[in-house]
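*Asks:* Dumping the structure here so I can ask a few things about it.
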Amino acid sequence: MSVIKLYGDNFSVATRSVTIILDKLDLKYEMIHIDVLKGMNLTPSFQKINATQMIPVLIDGSFKITESRAICTYLATKFGSELYPSILVDRARVDEMLYYDACLVSPTFQGLMRPVLQGADVADVEVGKMMGILHHLNKVLSSTGFMAKTEQLSVADFVLFAMIATLEAVAVIDLSIYKNLGIWLERCKSAIPNYDRANGNGLKKVVRYYLVRTGVAK
Ligand SMILES: N[C@@H](CCC(=O)N[C@@H](CS)C(=O)NCC(=O)O)C(=O)O
């Protein structure tokens, strides 16, 4: 069996959601570093791999797939993991959160973080939108402690975790007011094997980039 290849960059939230799932499933993979900060995703050779010039891209044998959430559910299904539940209604709840993430959480996160990472002031209106979402997620977690209201961790938890852990690391919003979210962040963190490789090292890179851009570090 050929080794799974992942084109990505641990700077990227979407890439880290996939590396977390790969590690959760204990899968061997080869990471091909596409440095988005250096524009490596815009080269003609990468365009042949993904015409949209986005990372991550996963190649499993002759099968190629893009879109991080679809990659995560593909892997969990292929390797028979309950991270993507086999019970229909539980799976539907996971999908519900993944769509909520793709349609609302992720665009809001991008709207807040893109300018901030470039050294611009934090925009109050974007902070307000993100806080509304965090308030909602904190309420969602009061049910079972998991994002999809499942009885155990699912792909939805780890996909959201990759993003919210970034917010926590860059600290543009005080997350301590969201008690359930704080407990959940720790629960996800401690459930990730090879935490630094899967997520921690990427977060350090993001924080470093942010500090340099905002003039706090050189
Ligand atoms: N919906 C896509 C989004 C992927 C995405 O936004 N990738 C970013 C890095 S996090 C990227 O490739 N950016 C390159 C660019 O915008 O030029 C997914 O979840 O895979």
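*Asks:* For the chain, list the DSSP H helices whose alpha carbon atoms reach 24 Å or more along the long axis and whose average Kyte-Doolittle value is 1.0 or above? Don't jump to the answer; show the numbers that get you there.
*Replies:* Numbers: long enough: 124-144 (31 Å, 0.21).
Both cut-offs are met by no helix.
*Asks:* Based on the Kirkwood radius over alpha-carbon pairs, what value in µm²/s does the Stokes-Einstein equation return for the translational diffusion coefficient of the chain at 20 °C and 1.002 mPa s? Don't skip to the end; give the middle numbers.
*Replies:* Values: Rh = 17.8 Å.
Taking Rh from Cα pairs, D becomes 120 µm²/s.
*Asks:* Suppose only helical runs count, i.e. DSSP H with n ≥ 4. What mean residue ellipticity at 222 nm does that imply for the chain under -39500 (n - 2.57) per run, divided by all residues and rounded to the nearest 500 deg cm²/dmol?
*Replies:* Details: 9 runs with 116 residues, N = 218.
Helix contribution divided over all residues of the chain: -17000 deg cm²/dmol.
*Asks:* Let me ask you something else. Could you give the length gained on full extension between Gln110 and Lys139, defined as 0.36 nm per residue of separation minus the Cα-Cα distance, in nm? List each step's numbers first, then the result.
*Replies:* Details: separation 29, 0.36 × 29 = 10.44 nm, distance 2.24 nm.
Contour length minus the Cα-Cα distance gives 8.2 nm.
*Asks:* Could you order the peptides 115-126, 69-80, 174-185 from most to least packed, using the average number of other C-beta atoms within 10 Å per residue?
*Replies:* On the way: 115-126: 13.2, 69-80: 18.8, 174-185: 15.4.
Highest mean packing first, the order is 69-80, 174-185, 115-126.
*Asks:* Contour minus end-to-end for Gln53 and Ala217, with contour as 0.36 nm per residue of separation and end-to-end as the Cα-Cα distance? All intermediate terms of the calculation are to be shown ahead of the outcome.
*Replies:* Values: separation 164, 0.36 × 164 = 59.04 nm, distance 3.04 nm.
That works out to 56.0 nm of additional length.
*Asks:* Based on the alpha carbons, how large is the Rg to Rh ratio for region 4-82 when Rh follows Kirkwood? Present the calculation step by step, with values, prior to reporting the outcome.
*Replies:* Details: Rg = 12.0 Å, Rh = 12.6 Å.
My calculation of the ratio gives 0.96.
*Asks:* Shifting gears a bit: What distance in nm separates the simple spin-label points at Asp196 and Ala102, each placed 7 Å from Cα in the Cβ direction?
*Replies:* Those two pseudo-labels are separated by 3.4 nm.
*Asks:* Among Ile164, Ile133, Ile21, determine the one that fluctuates most according to a GNM of the chain built with springs between C-alpha atoms less than 10 Å apart.
*Replies:* Of Ile164, Ile133, Ile21, the most mobile in the Gaussian network model is Ile133.
*Asks:* Continuing with this model, one more query. With the contact rule set at Cα under 8 Å and sequence spacing of 6 or more, what percent relative contact order holds for region 34-122?
*Replies:* Details: 45 pairs, mean separation 9.4, N = 89.
It rounds to 11 percent for region 34-122.
*Asks:* Accessible area per residue, 1.4 Å probe, Å², for region 4-82: what's the number? Display every interim value, and only then the final one.
*Replies:* Numbers: 3670 Å² over 79 residues.
Result: 46 Å² per residue.
*Asks:* Moving to a separate point now. Apply 1/(1 + (r/R0)^6) to the Cβ-Cβ distance of Ile65 and Lys38, taking R0 = 30 Å, and write down the FRET efficiency to the nearest 0.05.
*Replies:* Values: r = 24 Å, r/R0 = 0.81.
Between Ile65 and Lys38 the formula returns 0.80.
*Asks:* Taking Rh as the Kirkwood radius computed over C-alpha pairs, what is the Stokes-Einstein D of region 137-218 at 20 °C in a medium of viscosity 1.002 mPa s, expressed in µm² per second? Please list the in-between numbers first.
*Replies:* Numbers: Rh = 13.6 Å.
Calculated translational D: 158 µm²/s.
The values are calculated or read from the model by the stated rules, or taken from the named source; none is laboratory data. Quick caveat: nothing in here was measured; it's all calculated off a predicted structure. Backbone-built Cβ (ideal geometry, glycine too); neighbour counts: all protein chains shown. The protein model used for the area step is the full one, side chains on, heavy atoms only, and it has no ligands, DNA or RNA in it. Shrake-Rupley method; radii C 1.70, N 1.55, O 1.52, S 1.80 Å.
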